[in-house]
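Read through the structure below, which is laid out as structure tokens, and then see the notes.
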Amino acid sequence: MTGTGATVEPLLDIQLQLLIRLLEAEPRSSLPITLTMQGGVVCGDLITQEAWKAEWALSVRRLGGKGAQLLAGFPESVDQSLEEASGGQMPEQLPRWVHLRDATLSTAVKGAFTVPVWRGRLADVSGWSLAKPE
């Protein structure tokens, strides 16, 4: 609709959102998952945002070099800034992001490659399964 001022939110899979929320009760847990997205398939270990931030910091520190320490704390700094901006009252909402460890991305153009941590928008996930290819 144009001209109405209405904002249309993308449809998010409530079951996937609740599965991610369930993981938050056991922050060290993970689940094997395969996600279908418009650009291809992503599979890895589904982890919480807190676990992703810790894994992010580790992987960036392994890179070494100037700025690695600063970049390692980037996700945590962003979260702290958002919390401060909201007066310490972050609204409780269902997850909008999905986080994977040891993620393999498969696309028709680039083939398959693996990354230590991956973060994607739940709005971009069109399908999922609790399994990874062998």
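The values are calculated or read from the model by the stated rules, or taken from the named source; none is laboratory data. Just so we're clear, the structure is a prediction, and the values are computed from it rather than from any experiment. Because the Cβ atoms are built from the backbone with ideal geometry, glycine has one as well, and the counts that use them run over all protein chains shown. The area values use the complete protein model at the heavy-atom level, side chains included, leaving out ligands, DNA and RNA. Shrake-Rupley method; radii C 1.70, N 1.55, O 1.52, S 1.80 Å.
Test Ala57 against the stated conditions and say whether it is in contact with a Ser or Thr (Cβ under 9 Å, 6 or more places away or on another chain) and in a helix (DSSP H, G or I).
no
Could you please give the count of residues in the stretch 97-115 that are in contact with a Lys or Arg (Cβ under 7 Å, 6 or more places away or on another chain) and surrounded by fewer than 18 Cβ atoms within 10 Å (Cβ to Cβ)?
The qualifying residues number 1.
So, in the stretch 17-39, exactly how many residues are open to solvent by 20 Å² or more (accessible area, probe 1.4 Å) and outside any helix (DSSP H, G or I)?
14
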